1. Applying the selection to region 108-146, what residues are part of a loop (DSSP other than H, G, I, E, B), farther than 20 Å from I48 by Cα, within 11 Å of ligand 2 (Cβ to nearest atom) and out of contact with any Leu (no Cβ under 7 Å at 6 or more places or on another chain)?
2. So which residues in region 13-39 are at pLDDT below 95, among the polar types (S, T, N, Q) and more than 14 Å from ligand 2 (Cβ to nearest atom), if there are any at all?
3. Among the residues of region 153-176, is there at least one that is within 16 Å of ligand 2 (Cβ to nearest atom), among the aromatic types (F, W, Y) and assigned by TED's automatic domain parsing to the domain that holds E37?
4. Select from region 146-157 the residues that are among the hydrophobic types (A, V, I, L, M, F, W, C) and within 9 Å of ligand 1 (Cβ to nearest atom) and list them in ascending order.
5. What number of residues in region 260-277 are over 16 Å from K224 (Cβ atoms) and surrounded by 17 or more Cβ atoms within 10 Å (Cβ to Cβ)?
6. If I ask for residues that are of a type in the set (S, T, Y) and under 18 Å from G125 (Cβ atoms), which ones from region 63-115 would you list?
7. Can you name every residue in region 128-145 that is closer than 15 Å to M99 by Cα and away from ligand 1 (no atom under 16 Å from the Cβ)?
8. Given the residues A285, A254, which is the only one that is over 19 Å from R187 (Cα atoms) and either among the hydrophobic types (A, V, I, L, M, F, W, C) or in contact with a strand residue (DSSP E or B) (Cβ under 7 Å, 6 or more places away or on another chain) (or both)?
Amino acid sequence: MTQKRILSGMQPTNNLHLGNYLGALKNWVDLQDEGAECLYCVVDLHAITQPYDADKLAQSTREIAAAYIAGGIDPEKSVIFAQSSVPAHSQLMWLLATMTQIGKLNRMTQFKDKAGKNSEKAGLGLYAYPVLMAADILTYNATHVPVGDDQKQHLELARDIASTFNHRYGKEHFVQPEPFIIGEATRVMSLKDGTAKMSKSAPSDLSRINLTDDADTIAKKIRKAKTDPDPLPEKIEGLSSRPEADNLVTIYAALSGKAKADVLKEFAGKQFSEFKPALVDVAVAHLEPITNRMSELLAHPEEIDKILTKGGEKANAIAQPILDKTIDIMGFWK
Ligand code: AMP
Ligand code: TRP
């Protein structure tokens, strides 16, 4: 087995929220700190698959890079870069598109969600989104891809494309990337509806905690979070038909680094009026340093640009030879 190589990315659309942090970013930091080779990109080419503001794209890319760094990604240890600064992603995407079955793309639930009722009018880019994601991963031969569980289907497709290529050309060229879905909070739910995912696009800002929210805002959102009238149960099974309660316990567990069962041991029989202030405390203690660091970083955009430029160079140095080899295997004139 080759050495572990981690790759992941987030789109520069809006601000990151607690779901992005607990479901993805926090795990990225843990992997980095375990000493794995880590590449973390800001997937700006994915962001343009839906309507976006060209005047804001570059700044949003900086903001996501700042969130990575503020959340604990160290540019000295991990490669932080913008997807668009490495041409191999889009070039490989075309090559992979020729071996991706439409039937498989038709099954992608994210496309169905994003395209909505008017899928005939959706752009080809939105439809081909998972192929670009496969290219992101395969052009580094990444071995592990840490994401929240909503991305599992895309990752399965990337594995599929890798094996189609290897089979078609008779070479063990691409590595099969493993999904890496870890931690207590692989799916953080909305604070207003425990059955809907916390998301950047939900209309109510009270449904999510943004990584840019200050302590008062975090406290207010948690106080207003939907709950039920019962006290917290003793056992995890007691949360099964209580999505809002389950979500708040999950968030508490993930932020405090405890198992859900241990959180319940501590709070069994207590009312939300007691649990919520405790949750505010852990949330603020954990998130405030990140918010503060992010503002400091954003005050010096030129420093972020330097990090992204250097990261782009390092990423290119890994991706280009893998793309070149792919082109070679596919038999092109050169
Ligand atoms: P997105 O916000 O869809 O660009 O997702 C960026 C990363 O955050 C992906 O790895 C997602 O799986 C993860 N993620 C997004 N929303 C959530 C959520 N509510 N709970 C857990 N992980 C999430
Ligand atoms: N599709 C992912 C999301 O919406 C973002 C993404 C793009 C990604 N390329 C990737 C994640 C490569 C992991 C690896 O969250």
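1. Within region 108-146, none qualify.
2. N15 - this is the single residue of region 13-39 that is at pLDDT below 95, among the polar types (S, T, N, Q) and more than 14 Å from ligand 2 (Cβ to nearest atom).
3. yes
4. The answer is V147, and nothing else.
5. Residues that pass the stated criteria total 4.
6. Passing the criteria: S84, S90, T98, T100, T109.
7. Keep residues of region 128-145 that are closer than 15 Å to M99 by Cα, which gives 128-135, 138.
Within region 128-145, A128, V131, A135, L138 meet the criteria.
8. From the options A285, A254, the qualifying one is A285.
The values are calculated or read from the model by the stated rules, or taken from the named source; none is laboratory data. Remember, predicted model here, so these are calculated numbers, not experimental data. Every residue, glycine as well, gets a Cβ built from its backbone with ideal geometry; the counts of neighbours run over all protein chains shown.
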